[in-house]
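Enquirer: Here it is: the structure, laid out below.
The values are calculated or read from the model by the stated rules, or taken from the named source; none is laboratory data. These numbers were taken from a predicted model, which means no experiment stands behind them. Positions of Cβ are generated from backbone atoms using ideal geometry, with glycine treated the same way; all protein chains shown enter the neighbour counts. The protein model used for the area step is the full one, side chains on, heavy atoms only, and it has no ligands, DNA or RNA in it. Shrake-Rupley method; radii C 1.70, N 1.55, O 1.52, S 1.80 Å.
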Amino acid sequence: QNRALMPQLATTIALTFGLTKVKNAWAFQPEDGSDHLNVVRMCCAIKPFSSWHLGNVVTTARERCGGQGYLSASRIGTYFGSAHAGQTAEGDNSVLMQKVAKEHLGLFKPHTDAAPANLDLSNAAHLEYLLKARENLQYANLRKKLAGAMIYTKVGKSMPGMLKPIGDKLQEKGIFNTWMLQEQDLIQAFAKSYADRILCEAFKETMAGKYGPVHDSLNDILNEVFMLHLVSTVEKDLPTFMENGLLNPAQAKQLIELSQQLCEDMAPKALALVEAFGLPEDMLQSPIASDWVAYNAYDNQGELQTRQEFLDVLKNN
């Protein structure tokens with residue numbers, strides 16, 4: 001349970017901070033439009049990440065609730081619909097991530113952070129370095145491939161008359177096919193790396209008080225949540241980090257063990273963290289999210305009321 005749910009909780013909090021960052025960037029962008037493309041890039045990244053995450057949370061939470069998760073009274077099913085609507089409405093998520101990658105290619109300036117002399121996976125700054133290093137590598141790789149494809153496109157389009165069939169053949173290796181067909185994995189990964197980084201930035205900015213005061217008593221738990229979110233982010237893409245020499249097998253094993261420990265440490269605090277969202281009881285309206293002990297005190301057949309209580313309501317109304 002801990003390994004399945006705690007990283008989801010940490011990332012939910014990170015996405016909440018990320019959404020605050022994006023909303024502030026949108027609301028307070030310069031009137032001259034100088035930051036417009038950057039804001040669009042952030043908006044196009046936060047929407048897919050949030051709706052994908054909602055889908056993952058709903059699926060995982062439903063599985064971990066057993067049979068209770070099937071009951072309409074638990075209202076989990078409602079959020080399946082919300083997740084899929086969010087993943088499709090206002091632009092399919094993968095299409096939006098193509099937009100993120102396109103804008104990011106034009107705006108991105110490679111990170112210049114120096115590699116740590118001794119990588120410490122329990123150090124948030126070192127984990128942040130890994131995210132930036134991955135983004136740099138993906139940018140360099142994608143830019144190189146697109147530059148080659150652009151040459152094929154230009155030469156192919158310039159072929160006149162009788163040479164047009166040769167030009168058409170060259171364009172099969174051109175920018176359209178490269179972008180839409182051949183390099184989609186890299187394009188999607190590059191966009192996701194950008195989104196991962198802005199969530200990291202948003203978390204740090206929130207803890208620093210950029211979007212409102214943060215009480216000193218919250219520092220320890222926020223740092224713990226931040227660490228689990230970062231570790232989970234790296235863990236989900238371990239093959240990329242290992243393939244590019246950013247982590248070796250021993251470090252990957254250490255990262256997984258660290259993730260397991262962070263999940264175990266956070267589990268006793270999970271309910272308090274969820275309550276910190278401040279969701280009112282009348283909004284939840286689900287026994288599984290409130291007094292589940294009283295709800296399961298008798299065989300309720302998955303209903304909110306006994307049959308007699310239901311009949312009494314009908315009679316009185």
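Enquirer: Please identify every one of the trypsin sites (Lys or Arg not before Pro) in the range 21-91 that sits in a loop by DSSP and has no more than 16 other beta carbons within 10 Å of its own beta carbon.
Expert: Working: sites: Lys21, Lys23, Arg41, Arg62, Arg64, Arg75; in loops: Arg75.
In loop regions of the range 21-91 (DSSP not H, G, I, E or B), the sparsely surrounded trypsin sites (Lys or Arg not before Pro) are Arg75.
Enquirer: Continuing with this model, one more query. Around Leu96, with a cut-off of 13 angstrom between Cβ atoms, what is the net charge of the other residues, counting Lys and Arg +1 and Asp and Glu -1?
Expert: Local net charge: +2.
Enquirer: How big is the C-alpha Rg of the range 94-171 next to the rule-of-thumb value 2.2 N^0.38 Å, as a ratio? Each step should come with its number before you reach the end.
Expert: Details: Rg = 19.2 Å, N = 78, 2.2 N^0.38 = 11.5 Å.
Working it through for the range 94-171, the quotient is 1.66.
Enquirer: Just want the answer: with Cβ charges of +1 for Lys and Arg and -1 for Asp and Glu, which residue in Thr12, Met42, Met97 is farthest toward the dipole's positive end in the range 1-141?
Expert: Of the listed residues, the answer is Thr12.
Enquirer: Just the number please: accessible area per residue for the range 5-69, 1.4 Å probe, all protein chains included, in Å².
Expert: Numbers: 2970 Å² over 65 residues.
Per residue, the range 5-69 has an accessible area of 46 Å².
Enquirer: Over the heavy atoms of Lys154, what accessible area does a 1.4 Å probe trace out, to the nearest 10 Å²?
Expert: Only protein atoms counted, so the area is about 140 Å².
Enquirer: With θ set to phi - 60°, apply the Karplus curve 6.51 cos²θ - 1.76 cosθ + 1.60 along the range 3-19 and write out the HN-Hα couplings as whole Hz, x wherever there is a Gly or Pro.
Expert: In residue order, the calculated couplings are 5, 7, 9, 5, x, 5, 5, 4, 6, 4, 5, 4, 5, 4, 5, x, 5 Hz.
Enquirer: What is the dipole size for the range 111-161, taken about its Cα centre, with +1 at each Lys and Arg Cβ and -1 at each Asp and Glu Cβ, in debye to the nearest 20?
Expert: Working: 7 positive and 4 negative charges, 112 e Å.
Here the size comes out at about 540 debye.
Enquirer: Another one. For a quick check of understanding: with a 1.4 angstrom probe and all protein chains in place, what accessible area in square angstrom does Met242 have, to the nearest ten?
Expert: Met242 has an accessible surface of roughly 70 Å² with all protein chains in place.
Enquirer: Continuing with this model, one more query. What is the distance, in nm, between label points placed 7 Å from the Cα along the Cα-to-Cβ direction at Ile151 and at Tyr298?
Expert: In this crude spin-label approximation the distance works out to 7.9 nm.
Enquirer: Right, next: Largest first and in whole Å, give the semi-axes of the range 27-151's equivalent ellipsoid, each being the square root of 5 times a Cα gyration tensor eigenvalue. Write down the numbers at each step before the final one.
Expert: Details: eigenvalues 234, 102, 48 Å².
One finds semi-axes of 34, 23, 16 Å for the range 27-151.
Enquirer: What does the C-alpha gyration tensor say about the overall shape of the range 149-194? Classify as rounded when a/c is under 1.5, otherwise prolate if a/b is larger than b/c, or oblate. Walk me through the numbers on the way to the answer.
Expert: Details: a/c = 5.98, a/b = 3.40, b/c = 1.76.
The shape class here is prolate.
Enquirer: Still on this structure, I have one more. I'd like the Karplus ³J(HN,Hα) series for the range 195-212: coefficients 6.51, -1.76, 1.60, θ = phi - 60°, whole numbers in Hz, and an x wherever there's a Gly or Pro.
Expert: 4, 4, 5, 5, 5, 4, 4, 5, 5, 5, 5, 5, 5, 7, x, 5, 10, x
Enquirer: How compact and how long is the range 173-270, expressed as Rg and Dmax of its alpha-carbon atoms in Å?
Expert: Final numbers for Rg and Dmax: 17.5, 57 Å.
Enquirer: Would you calculate, for the chain, the mean residue ellipticity at 222 nm contributed by helices, counting each DSSP H stretch of 4 or more residues as -39,500 (n - 2.57) and dividing by all residues, to the nearest 500? Present the calculation step by step, with values, prior to reporting the outcome.
Expert: Working: 14 runs with 216 residues, N = 317.
When only DSSP H runs of four or more count, the value is -22500 deg cm²/dmol.
Enquirer: How far is the Cα center of the range 133-171 from the Cα center of the range 201-236, in Å?
Expert: 42 Å
Enquirer: Give me the dipole magnitude in Debye, nearest 20, for the chain about the Cα centre, with unit charges on the beta carbon: positive for Lys and Arg, negative for Asp and Glu.
Expert: On the way: 30 positive and 35 negative charges, 329 e Å.
My answer is approximately 1580 debye.
Enquirer: Find how much the distance from Ala89 to Ala276 grows on full extension, using 0.36 nm per residue of separation minus their present alpha carbon separation; answer in nm with one decimal.
Expert: Numbers: separation 187, 0.36 × 187 = 67.32 nm, distance 2.90 nm.
Residue separation times 0.36 nm, minus the Cα-Cα distance, leaves 64.4 nm.
Enquirer: Calculate how large, on average over all directions, the projected area of the Cα convex hull of the chain is; give the answer in nm² to one decimal.
Expert: Working: hull surface 96.8 nm².
Average projection, Cα convex hull of the chain: 24.2 nm².
Enquirer: Send over the Kirkwood Rh of the range 68-222, from the inverse of the averaged 1/r over different Cα pairs, rounded to one decimal Å. Mind showing how you got there, number by number?
Expert: Details: mean 1/r = 0.0512 Å⁻¹.
This gives a value of 19.5 Å.
Enquirer: Separate question: State, to one decimal in nm², a quarter of the convex hull surface area for the C-alpha atoms of the range 1-52, i.e. the direction-averaged projected area. Could the numbers behind the result be given before it?
Expert: Values: hull surface 14.6 nm².
It is 3.6 nm².
Enquirer: What do the square roots of 5 times the Cα gyration tensor eigenvalues come to for the range 13-87, in whole Å, largest first, as semi-axes of the equivalent ellipsoid?
Expert: Numbers: eigenvalues 232, 21, 16 Å².
Output for the range 13-87: semi-axes of 34, 10, 9 Å.
Enquirer: Expressed as a whole percentage, what fraction of the accessible surface of the chain belongs to carbon and sulfur atoms when a 1.4 Å probe is rolled over the protein heavy atoms? Working shown, then result.
Expert: Working: 10360 of 18060 Å².
Carbon and sulfur together cover 57 percent of it.
Enquirer: Around Ala252, what is the net charge, scoring Lys/Arg as +1 and Asp/Glu as -1 over all other residues with Cβ under 13 Å from its Cβ?
Expert: Numbers: positive: Lys236, Lys253; negative: Glu235, Asp237, Glu243, Glu257.
Here the count lands on -2.
Enquirer: Related question: Roughly how much of Ser34 is accessible, in Å² to the nearest 10, using a 1.4 Å probe?
Expert: 90 Å²
Enquirer: Sorted by accessible area (1.4 Å probe), largest first, how do Cys43, Cys200 line up? Don't skip to the end; give the middle numbers.
Expert: On the way: Cys43 45, Cys200 0 Å².
Solvent-accessible surface, decreasing: Cys43, Cys200.
Enquirer: Lys and Arg at +1, Asp and Glu at -1: add these up for the other residues within a Cβ distance under 13 Å of Leu273 and post the number. Mind showing how you got there, number by number?
Expert: Numbers: positive: Lys269; negative: Asp220, Glu224, Asp265, Glu275.
Net of charged neighbours comes to -3.
Enquirer: For His126 and Asp216 in one chain, what is 0.36 nm times their gap in residues minus the Cα-Cα distance, to one decimal in nm? Display every interim value, and only then the final one.
Expert: On the way: separation 90, 0.36 × 90 = 32.40 nm, distance 2.38 nm.
The span from His126 to Asp216 would gain 30.0 nm if fully extended.
Enquirer: In Å², and per residue, what accessible area does the range 159-297 have when probed at 1.4 Å with the other protein chains present? Numbers along the way, then the final one.
Expert: Working: 7910 Å² over 139 residues.
Accessible area per residue: 57 Å².
Enquirer: With charges only on Cβ, +1 for K and R and -1 for D and E, what is the dipole size of the range 180-240 about its Cα centre, in debye, rounded to 20? Please report the intermediate quantities before stating the final value.
Expert: Working: 5 positive and 10 negative charges, 29 e Å.
Here the range 180-240 has a charge dipole of around 140 debye.
Enquirer: Sticking with this one: Could you order Phe176, Phe277 so the one with the most accessible surface comes first? Probe is 1.4 Å. Show your work: numbers first, answer last.
Expert: Working: Phe176 135, Phe277 80 Å².
From most exposed to least exposed: Phe176, Phe277.
Enquirer: Heavy atoms only, 1.4 Å probe, whole protein assembly: order Glu309, Glu31, Glu275 by accessible area, highest first. Don't skip to the end; give the middle numbers.
Expert: Details: Glu309 90, Glu31 190, Glu275 140 Å².
In descending accessible area the options line up as Glu31, Glu275, Glu309.
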